[in-house]
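Participant: What follows is a structure written as structure tokens; I'll ask about it next.
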Amino acid sequence: MTPHCETASPAVLYVCVDRSPEASGTATECAQTEGRAFAQERGLTIAEVVTDTYGEPDPARRTGWRRVRQLVQTGDVTSVLVRWPCAIAPESAHELRHRETSWLRDHGVRVRYTWAPLTRPGPLA
């Protein structure tokens, strides 16, 4: 069901997770499942799923994040769905996250966090 307040708009689902041998894809699957559910609940269409391996703090140096920027520049998406802020850049490099989210906003694209505690109204959302 699509809420009446939102129209179907294209989004990119960005997944940046640690791909350690112990995780064996579980974190990636969880982030993708959560992102798809988030999109469906809000009437968004996922145009593309883009992934990166967590580790490089500067998103501009990651292949996947550069693809996200390319989709934004071509006007193919109106939202970037990401599980939580640290997937864009870790807390130790929060200025890089702010740089990227500002760049997205300047291009008319909204960042939306899909992790349940961040989707609730309140100070963290």
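The values are calculated or read from the model by the stated rules, or taken from the named source; none is laboratory data. Computed from a prediction, not measured in an experiment: that's the story for all the values here. As a convention, Cβ positions derive from the backbone with ideal geometry for all residues, glycine included, and neighbour counts pool all protein chains shown. Note: accessible area is taken over every heavy atom of the protein model, side chains too, but ligands, DNA and RNA are not part of it. Shrake-Rupley method; radii C 1.70, N 1.55, O 1.52, S 1.80 Å.
Participant: Rolling a 1.4 angstrom probe over the protein heavy atoms, how many square angstrom per residue are accessible across the range 43-95?
Facilitator: Numbers: 2500 Å² over 53 residues.
Spelled out: the 1.4 Å probe surface of the range 43-95, per residue, equals 47 Å².
Participant: Tell me which chymotrypsin sites (Phe, Trp or Tyr not before Pro) from the range 62-125 have a DSSP coil assignment and no more than 15 other beta carbons within 10 Å of their own. Write out the running numbers ahead of the final one.
Facilitator: Numbers: sites: 65, 103, 113, 115; in loops: 115.
Here no chymotrypsin sites (Phe, Trp or Tyr not before Pro) fit, given the DSSP loop and packing criteria.
Participant: Further question on the same structure: Can you list residues from other chains, or at least 5 along the same chain, whose modelled amide H is less than 5 Å from the amide H of residue 52?
Facilitator: So residue 52 has HN proximity to 15, 16, 17.
Participant: Which shape class, rounded, prolate or oblate, goes with the range 10-92 when its Cα gyration tensor gives a ≥ b ≥ c as root eigenvalues, a/c under 1.5 marks rounded, and past that a/b bigger than b/c marks prolate? Don't skip to the answer; put the middle values down first.
Facilitator: Working: a/c = 2.00, a/b = 1.21, b/c = 1.66.
Oblate, since a/c reaches 1.5 and b/c is not below a/b.
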